[in-house]
Amino acid sequence: MSVSSEVAAEALAAPHPSGRFFARSEFGSDPARACHSLIRRLPAGTDAAALRDNLAALMERHPALHGTLLFHEALDVDAGDRAAHRHRSRESGRAVNGAPAPARAVLLSYADGAADLVLVAHRRAMDRRALDQLATALTDPAHPVTLPEAAADWSAQHDGPPELAWGLGDPARAGRAGTAVLTSTAVSDGTAPAVALAATALVLARYGATEHAEFALITGGPAAGDTHRSVALPAGEAALAADLLDAAAHAGATGGEAPSGIPAVGVLLTEKRDGDVYRPVLAPPFPVTVAWQYGTDGTDGTDGTDGTLSGVLHYDEGVLDPVIAGQFAGHVARVVDALVQAPAGARVGDIELVDAEEAAAVIAAGRTPAEGDAVIAPVHELFRKVAAGRPDAPALSDPEHTLSYAELDARSDAVAGALRDHGVAPGDRVGVCLDRTAELVISLLGVVKAGAAYVPMDVTYPAERLLHTVSDSGARLVLSSAEDFPAADGVTVVHPSELSRTADGPIADPGGSADDIAYVIYTSGSTGRPKGVAVPHRNVGALLAATTADLGLGPEDTWALFHSSAFDFSVWEIWGALLTGGHLVVVPYFVSRSPEDFHDLLVRHRVTVLSQTPSAFAMLKEVDLRRTADLAVRLVVFGGEPLDVRMLQDWFRGHPHTRCRVVNMYGITETTVHVTSQTVTPQDIGAGSRSVGRALPGWSVSVRDTAGGVQPFGVPGEIYVGGAGVASHYLNQEELTAARFVHDPVTGERVYRSGDLGRLRPDGRLDHLGRIDGQVKVRGFRIELGEIRSVLLEDQNVTAAAVVLGGDADDAAQVRLDAYVVPRYEAVSVAEIRERAARYLPDYMVPATFTLLSELPLTVNGKVDTSGLEPAAEATPAEAAGRPTDDPVLRVWREVLGKDVGPDDDFFVFGGNSLLAVRLSGALRRAGLPPVSLRELYVYPTAAEVSALLAAREATEDPGGHPAT
Amino acid sequence: MGLRDKTVVITGAARGIGRACAVRAAEEGADVVLIDIGGDVPEVPYALGSASQLEQTARLCRKNGASVLVATADVRSRAAVTAAVTAAVDRFGRIDALINNAGVGAPSGKATHDFTEEEWRVMLDVNLSGPWHLISAVAPVMVAQRAGSIVNVASTAGLVGYRHFAGYVASKHGLVGLTKAAALDYAPLNIRVNALCPGPVRDDPAVDGQMTAVVADALGIGYEEQEAVYLESVATDSLVDPADVAGAAIWLAGDDSLKVTGTVIPVDAGFSAR
C-alpha cells in the first residue's frame, strides 16, 4: 500500500477542504491520473503459467519491472459476450496504486479459448512504448523492452491548478468527472496531430483572450517515448492558419520544459495502433484534459490514405461546467473542420467560433422579457396616481416631519409652481443641493413636476465640483440651503424656504413625455471631470415595473432613504417607495454614518425595505449582531459594489432568508440603477457565488469581445446592457456618448457598453468580474482613477501623477487610494498637493497617501508601471508618536488606525476614512468613553482635540453634546 | 447496478450475513474482496467459516460477473488484515466500501463475572478490535481517494443488553461507539462510517447461516425454542433474513446514501421499536 499513515494523518489534520478544487478528489494523488492501459488479444490457448514464467524472466532482466503483478481471471463466457467486454473495460480502467507495483497484468481467458492481456502501468515506470513492448514480451520474452529513464511524471505535483476563468465549475462538484466528445473525423494522413493541437490552441486562445495559447502537452505513441511539456502556440487573430498548423506540427517534437504544477488545461495526444485498445489515461491527468487520438496507416496492411482524428474532453466538474464543456467541445469540432478546409492564406481571425445561431441563443439567455405592459408615463404622473389613491397614508418622514401623500403632493406642487415663477421651463435642469431632509425629496418631486430634470449634488462636495456640475448641466437655478453655495454667473441659488407660493391648489402638470429627462446624475469621469448621465422618465417607470411584483413592493413597505441623492441608489429608494405607495424615511447624513444610530432608526420606523452597499451593510450587520431589538426589514437590496456573499453567513443566522429576502443587484448609473437581480440564499455562501443574477424584466445583458462579437457562455468579456434602463446620453459629451451608447449590430438595439468585465452563465445569470478600465469602487463609491490623476496633473506643482488602489482589498475599511506624484519643484509639499486636490475632489476621492517621486516607473509601452511603484509613503506621525500613552482616547486611536500616531495627528491624514471613523466611534464606546458623534470626529480629527472635547463636556456635565442633525 | 465498478471488501464473507452481502454486491456490479478466517478459534465453541464456504461465496459472486479476490485472514491480526487489504489494492487499485461483518456470538451464556480472561478477550478482539484493524488498513486508501463507505455490522446487542451475553453486548456497543467516532474523523474527507444493528436473524441455509443456533447453544436450549423466543421479541411475524441485512449494507455502501454517516440503523424486524 503506497499511502503511508502519515499522509492520512496529515490529511485528517488539514482544515476542511470544502470549496477548494481538490476538495473531493486529491487530484495530485489519484493514481488513475498517472496510469495508462493496453488491451491486447493473445493467441488462443495462451496460459497463465507461461505468462508468469515470461514475466519472471523479464523482471530478472529489468529490475525496474520488479513488483509487476500478474492475475488470471478465467471467465465462463465467450470473448464476444457482453460480460467479457465489461471485464475488459473494468480491468483496463483500474489504476495500479503506485510503488511497489509498477504495472499490473491481467490475463482474461474466455470459455471459447480466446484470451486478452490487460496491462496497466504507471507512466513513471512505463511509457507508451514500454507498455507496448511489455505486451509483446510477455508472450515473447526475447522481445526487447526499453524502459524510460526519467519518464514524464506529473502525478507528484500537488499544487492546485489556476482557476479556469471561463470554466464556471462548481467547487461543490469537484471530483466528479465528465466527458464530452470533441470530434471524430477523417483528416489527411499525417496532419491529424497538428490539426488537433492547432484547433485546441485556437479555442483556448479565444476563450482565454490571449494571442498565445499555453497548455501542457503529453504525447505518446508505440514508436517513441512519451513527452510531457509546456507549449505555447501562436493563435492570435492575425496569425496565418498555416503558421499555426506548422507550429502545432512541431509542438510535440520540440518545445518547452515540463510544466510546474498542474495546469488547468492539458492536451493528451496519442497514436492508435490497430488491434490494441489503448487508454492513454485512466483518469484525466488535468482538471480539463483534451485527449486526442489519431490513427496511423497501420502495420497490418491497411493502405489508408486518410487517418482519423478523434478526441474526447475529460473534465472535473469542479473546474468546468458540463454545459461549458459541451460548448467547448462543439467549438473545437467546428475549428477542426475549419482548419482542415482553410484556404491558403487564411488567418486565424477568419475562423468563426460562434455562429449566428449560437450567438442568438446566447443573446436570448441574457434577455428577460418585460412582464405585462410597461407603464410609460412621467414619474410625477405615476406619483400623482399613487397619491390620489391613498391621500392620507404616510409618504415621507424625516426626524421632524411626517407628510401624507396628499401633503407631499401639495408641497411639491408648491415647489413646482414656485420654480415656474422663477422661470424654470419644461426641459430645464435644476440643481438640487440639500441636506437629507424631507425638503430634499419634496424639492426633487417639485422639479420633475415643473417639467424639469433634477441635478442632485451632495452638500459635502467641494466648491469646484459643485461649480462644474452646475455649469456643465446648464442649470440656471439651484435649490440649496447652504449659505456658501458657490456663486456662478447667471445661476440663481434659491433657498427652499423662498419657494413658498401664494396660489394654492394643484398646479397643472407640465404634460411632457416619458422620454423627457427626469434627472442628471454625475459620475466619476476619467477625463478629470465628472460626467452627467441623463436618464429619462420612462426608465424609472420601467425599473419599478420590473421589480415591483418580484420584490412584492407595496403600500405596506417602509423604505429608508440612506444614500446621497447624488448617488443613483437614491433613485431606487425615493421612487421605489413613492411610486409603490410606500413610506419613505429620510436618513439624516450623520445617522447614515453611524451604524448604531441607523440601526435605531430602522427599528424605530419599522423599515421593511433596506438598500445598502455591502460595505455599509457590513457595519450595520455588526451592530445588529450585538443588539436584540428586532428589525422589521423583509428585503435587503444590495447594490453599488460587488457583494462577497460570505459576509451574509452570520446575518442569515439571525435573519433567515425565508423571512428577510436578500437580493444582490448589479447596476450602473447609465442603465438606471439596477440591471440584474440575484436572490441570495445560504446555499450561495458555500458556493462563493459571484453571480449577480439574471437581467431584470425588460433589461438584457450580454458579454462581448473587443470587437463586439458575442462571447460564448462562460468566456469573460465586456458586459453590454440593453433594454428599458439604458440612459439617454452623457450631457455635453457627444463623443463619449457615441462610444458608450452604441447601436449593437448583433441585436439591432441601442446598448450601453459598461466597461465592466463579466461572463454569462448558460442559465442567463451574469457573473461580475470587475472593471476593464481604471474604474474602481472604494467603499461603494464609483471612482475613475483617471479623474483623480487628471485633477492632480492640473496642479501647477505636479508634472506627473499616478493613482492606484492600495491597502487591503479584502477589508473595505482598509482599501485606500494611493497617489504617486512627481513634483515640479523640490520645495513642493504633500500637504499643498493634498489640499488642492481636496478642493476639487469629494472626500472619498482624495487619496489617503501621497508619495513624492522623482519620476514614475514606466512599462515598455510607456504606460505607468503600477507594479513597479514602491510601497506608498504613509504620513509620518509627529514626534510624540510612539510613546506609551495613558490617554484612553489616543489608545483607541492607535488601535483603530493600527499605527502609533501622536495626539495631534489628524485621523484622516493617517489612513482614516469614513468606514474607519465609524469603527473609531464604536471603539470609543466599547472603551467606556462617552459617546462622540461622527460629526464631532469630523470637526475634531485629532485625539487631543477629542480628549479636550470630552473633558470640556464633563466639566459642563453636558451628557450628550450631540449637535442637532 | 448501484455498485457498478466499485470494489467492496467484506469480512466474515464465508457465510451468513457476510455471504449475503458479498453476493448482493456482485449483483450490483461490484468486484469483491472476500476475507474470512477459514478456520476455528479454540475459545469459540462453534465452527467458524471454512475455506470451502469462502470459495462457495466466491463462486456465487463470479457467477454474477464479479472479479473476486479471496483472502484468508484472522481479523484479530493487524498484520494479516493489512496484508489482505494490500492484496486488494494490488488487484483492484482502489477500495470503495468495507463491510466489517466478521464477528462471533460466543463464548456466551454465562454471568458477567464468569467469563474467563481468554473468553472475554476473544470477544472484544474479534468483534471490536477486528473492525478497527480493518478500518485502520482501509482508511488510508479511502483518504487518498477522498471517497469511501464503511459499514460496521453490529447488532441489537449494540443498542440494548442481553442477559448472559456481557462480552458480546460490550463488544457490539463498542462497535457502535467506534462507528460514531470514526464517522466524525473521516466526514471531512468524504468517507462515511455507519453501523447496522441486525436483530434476530434467521439461520438461512442458503448462506449457511447459524447465528440463532449459536445463541441457542450458548443458552442451552433448542433451536426451535430460541426461534420462538425471537419471534416473541420482534414486531413482525418473521425473523430478519441475512438478505435483509445485505440490502441495508449495500445501500450504505453505495452512493445512494451519500449524506448518511455516523448513523446506527437497526435491521431488527421492529425489535427496538418496543
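Could you go through the range A:105-116 and let me know if any residue there is within 50 Å of the chain's Cα centre (by Cα), within 11 Å of chain B (Cβ to nearest Cβ) and either hydrophobic (A, V, I, L, M, F, W, C) or more than 14 Å from A:ALA34 (Cα to Cα) (or both). Among the residues of the range A:105-116, not one is within 50 Å of the chain's Cα centre (by Cα), within 11 Å of chain B (Cβ to nearest Cβ) and either hydrophobic (A, V, I, L, M, F, W, C) or more than 14 Å from A:ALA34 (Cα to Cα) (or both), which makes the answer no.
Residue pairs whose Cβ atoms lie under 6 Å apart, separated by 6 or more positions or on different chains, with the first residue in the range B:168-193 and within 13 Å of another protein chain (Cβ to nearest Cβ) and the second assigned to a helix (DSSP H, G or I) and surrounded by fewer than 19 Cβ atoms within 10 Å (Cβ to Cβ), do not occur. Against the criterion of being surrounded by fewer than 24 Cβ atoms within 10 Å (Cβ to Cβ) and part of a helix (DSSP H, G or I), A:ASP484 does not qualify. Return yes or no: is A:LEU792 among the hydrophobic types (A, V, I, L, M, F, W, C) and surrounded by fewer than 18 Cβ atoms within 10 Å (Cβ to Cβ)? So A:LEU792 fails the test. Determine whether the range A:127-142 contains at least one residue that is hydroxyl-bearing (Ser, Thr, Tyr), away from every other protein chain (no Cβ under 12 Å) and within 56 Å of the chain's Cα centre (by Cα). Yes: the range A:127-142 contains one or more residues that are hydroxyl-bearing (Ser, Thr, Tyr), away from every other protein chain (no Cβ under 12 Å) and within 56 Å of the chain's Cα centre (by Cα).
A:ARG90 passes every criterion in (1) free of Cβ contacts under 8 Å to residues at least 40 places away in the same chain; (2) within 14 Å of another protein chain (Cβ to nearest Cβ); (3) more than 43 Å from the chain's Cα centre (by Cα) apart from (3).
Listed by position, the helices (runs of 4 or more DSSP H) enclosed by the range B:175-274 that each have at least 1 residues that are under 28 Å from B:LEU48 (Cα atoms), modelled with pLDDT under 90 and of a type in the set (Val, Ile, Thr) are B:211-219.
On the stretch given as the range A:26-76, residues that are of a type in the set (Asp, Glu) and within 13 Å of another protein chain (Cβ to nearest Cβ) total 4.
Output yes when any residue across the range B:31-51 is within 12 Å of chain A (Cβ to nearest Cβ) and crowded, with 23+ Cβ neighbours inside 10 Å, and no when none is. Scanning the range B:31-51 turns up at least one residue that is within 12 Å of chain A (Cβ to nearest Cβ) and crowded, with 23+ Cβ neighbours inside 10 Å.
Being surrounded by fewer than 20 Cβ atoms within 10 Å (Cβ to Cβ), modelled with pLDDT of 75 or more and part of a loop (DSSP other than H, G, I, E, B) holds for only one residue in A:ASP904, A:ASP958, and it is A:ASP904. Considering B:ALA14, B:ALA30, the condition of being of a type in the set (A, V, I, L, M, F, W, C), at pLDDT 95 or above and closer than 27 Å to B:GLY222 by Cβ is satisfied by B:ALA14 alone.
Among residues that are among the aliphatic types (A, V, I, L, M), assigned by TED's automatic domain parsing to the domain that holds A:ALA542 and not in a loop (DSSP other than H, G, I, E, B), A:VAL636 is included. On the given criteria, is B:SER136 within 14 Å of chain A (Cβ to nearest Cβ) and among the polar types (S, T, N, Q)? Yes: the conditions hold for B:SER136. Could you say whether any residue in the range B:146-161 is surrounded by fewer than 24 Cβ atoms within 10 Å (Cβ to Cβ), touching a residue at least 12 places away in the same chain (Cβ under 8 Å) and within 10 Å of chain A (Cβ to nearest Cβ)? For the range B:146-161, residues surrounded by fewer than 24 Cβ atoms within 10 Å (Cβ to Cβ), touching a residue at least 12 places away in the same chain (Cβ under 8 Å) and within 10 Å of chain A (Cβ to nearest Cβ): present. For the range A:363-377, the criterion of being of a type in the set (S, T, N, Q), touching a residue at least 60 places away in the same chain (Cβ under 8 Å) and under 23 Å from A:PRO555 (Cβ atoms) is satisfied by no residue at all. Residue count for the range A:170-229 satisfying the condition of being in contact with a Ser or Thr (Cβ under 7 Å, 6 or more places away or on another chain), in a loop (DSSP other than H, G, I, E, B) and among the polar types (S, T, N, Q): 0. Looking across the range A:384-407 at every residue that is of a type in the set (A, V, I, L, M, F, W, C) and free of Cβ contacts under 8 Å to residues at least 40 places away in the same chain, the one that is surrounded by the most Cβ atoms within 10 Å (Cβ to Cβ) is identified as A:ALA387. Just to be sure before I move on: is A:ARG429 modelled with pLDDT of 95 or more, in contact with a helix residue (DSSP H, G or I) (Cβ under 8 Å, 6 or more places away or on another chain) and surrounded by fewer than 18 Cβ atoms within 10 Å (Cβ to Cβ) in the structure I sent? When the stated conditions are applied, A:ARG429 does not pass them. The residues in the range B:58-84 that are away from chain A (no Cβ under 11 Å) and outside any helix (DSSP H, G or I) can be counted, and the count is 8.
Out of all the residues in the range B:52-66, which are of a type in the set (Ser, Thr, Tyr) and surrounded by fewer than 14 Cβ atoms within 10 Å (Cβ to Cβ)? The one that is of a type in the set (Ser, Thr, Tyr) and surrounded by fewer than 14 Cβ atoms within 10 Å (Cβ to Cβ): B:SER52. Filter the range A:95-134 down to residues that are assigned to a helix (DSSP H, G or I) and buried (at least 21 other Cβ atoms within 10 Å of the Cβ) and give me whichever is modelled with the highest pLDDT. In this case the residue turns out to be A:LEU134.
Checking B:VAL207, B:VAL193 one by one, the residue that is under 17 Å from the mean Cα position of the chain (by Cα) and farther than 20 Å from B:PRO266 by Cα is B:VAL207 and no other.
Can you tell me which residues in the range B:85-100 are aliphatic (A, V, I, L, M), assigned to a helix (DSSP H, G or I) and buried (at least 23 other Cβ atoms within 10 Å of the Cβ)? Those that are aliphatic (A, V, I, L, M), assigned to a helix (DSSP H, G or I) and buried (at least 23 other Cβ atoms within 10 Å of the Cβ): B:VAL85, B:ALA88, B:VAL89. Screening A:LEU419, A:LEU403 for residues that are assigned to a strand (DSSP E or B), more than 37 Å from the chain's Cα centre (by Cα) and of a type in the set (A, V, I, L, M) leaves exactly one candidate, A:LEU403. Of A:GLY372, A:GLY366, all but one fail to be within 22 Å of A:HIS537 (Cβ to Cβ) and within 33 Å of the chain's Cα centre (by Cα); the exception is A:GLY372.
The values are calculated or read from the model by the stated rules, or taken from the named source; none is laboratory data. Quick caveat, the model's predicted, so the values are computed rather than measured. A quick note on method: Cβ atoms are made from the backbone with ideal geometry, for glycine too, and the neighbour counts reach across all protein chains shown.
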